[in-house]
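Have a look at the structure below before the remarks.
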Amino acid sequence: MSCSRVEKITVTLQKPGVTMRFLLIFLLIITIPLWAQNKVKQTFKRYMNTANSAGLTGEETARYLLALNGLNTVSVTQSKGIMGDHYDPIKSVIRLSPKHFSTPSLTSAVVAAHEVGHALQDHQGYVLFKFRQALYPVAAIGSNLAFYLLIFGVLFGFNQLAVYGLVFMSTIVLFQLATLPVELNASHRAMNQLLSANVITSEETGGARQILNAAALTYVAAVLVALLQFFYFFFAIFGGRR
């Protein structure tokens, strides 16, 4: 690596505007997810202490809604370890965290209904869900390689290597952008299912929407963080060029 290249990167990163830009982006990358997670934690906790009117646990809610929609091939199990609430389209199973699996709370019912929403997307061939699933393996590879290539490329002045890292990072951004509408659609389906199946009453819709909206913030935060990370490294690579 030539001295001129090192000097170029050093000078670029030391410019006041660039330094402040990097610092601001870095702080946003840290604070946005923390804020979203805190909002989710508070909202979920509040309604974990409120029983849903049907008295159904998360497991019972999921099984009931799946049966109403004829999705008898989708199973419902309790997740293990650090795995949380999610729908696995490969094994066609809804996994719920222990507290949501066995608690008859409003939070548990809403979370279970949201995962049923994903099962409906899968079995009804929802285009964006299929698109996101197709992107997943590419984004998974990108997430493993992007940061190593970017950090190594930027620190040691291998711009071509850093550009490859940026390309891999773009797959993560695309995946997060595709995830957001999929999650919002699953929440919309969840609310409709809960009301039509009388799992919740009209008086409980306000709380249910708060739970879904809080969860949606995590996906909005993920999109923002992915974009901020992309532009952070974009400016680190190209910011000093004329």
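With every protein chain in place and a 1.4 angstrom probe, the accessible-area ranking of Met20, Met169, Met48, largest first, reads Met20, Met48, Met169.
The label point for Thr218 and the one for Phe152, both projected 7 Å from the Cα toward the Cβ, are 3.2 nm apart.
All other residues whose Cβ lies under 12 angstrom from that of Pro104 are scored, Lys and Arg at +1 and Asp and Glu at -1, for a net of -1.
Based on protein heavy atoms only, segment 180-242 ends up with 46 Å² per residue of surface accessible to a 1.4 Å probe. With viscosity 1.002 mPa s and temperature 20 °C, the Kirkwood radius over alpha carbon pairs of segment 168-242 converts through Stokes-Einstein to a diffusion coefficient of 148 µm²/s. Please work out the C-alpha center-to-center distance from segment 164-193 to segment 58-115 and express it in whole Å. About 20 Å separates the Cα centre of segment 164-193 from the one of segment 58-115.
The calculated 222 nm mean residue ellipticity attributable to helices in the chain amounts to -26000 deg cm²/dmol, summing -39500 (n - 2.57) over DSSP H runs of n ≥ 4 and dividing by all residues. Over the chain, the pair-distance histogram of Cα-Cα distances with 5 Å bins from zero comes to 1, 6, 12, 15, 15, 13, 10, 8, 7, 6, 4, 2, 1, 0, 0 percent, rounded to whole numbers. At a probe radius of 1.4 angstrom, the accessible area of segment 70-123 per residue rounds to 41 square angstrom. For segment 91-233, the calculated P(r) over all alpha carbon pairs, in 5 Å bins from 0 to the bin holding the longest distance, is 2, 10, 15, 17, 16, 13, 10, 8, 5, 3, 1, 1, 0 percent. Expressed in units of 2.2 N^0.38 Å, where N is the residue count, the Cα radius of gyration of segment 114-181 is 1.41.
Take the Cα radius of gyration of segment 22-150 and divide it by 2.2 N^0.38 Å, N being the number of residues; the result is 1.25.
The values are calculated or read from the model by the stated rules, or taken from the named source; none is laboratory data. Note that the structure is a prediction, hence the values are computed from the model and not measured. Glycine also receives a Cβ, built like all others from the backbone with ideal geometry; neighbour counts cover every protein chain displayed. Surface accessibility is based on the protein's heavy atoms, side chains included, excluding ligands, DNA and RNA. Shrake-Rupley method; radii C 1.70, N 1.55, O 1.52, S 1.80 Å.
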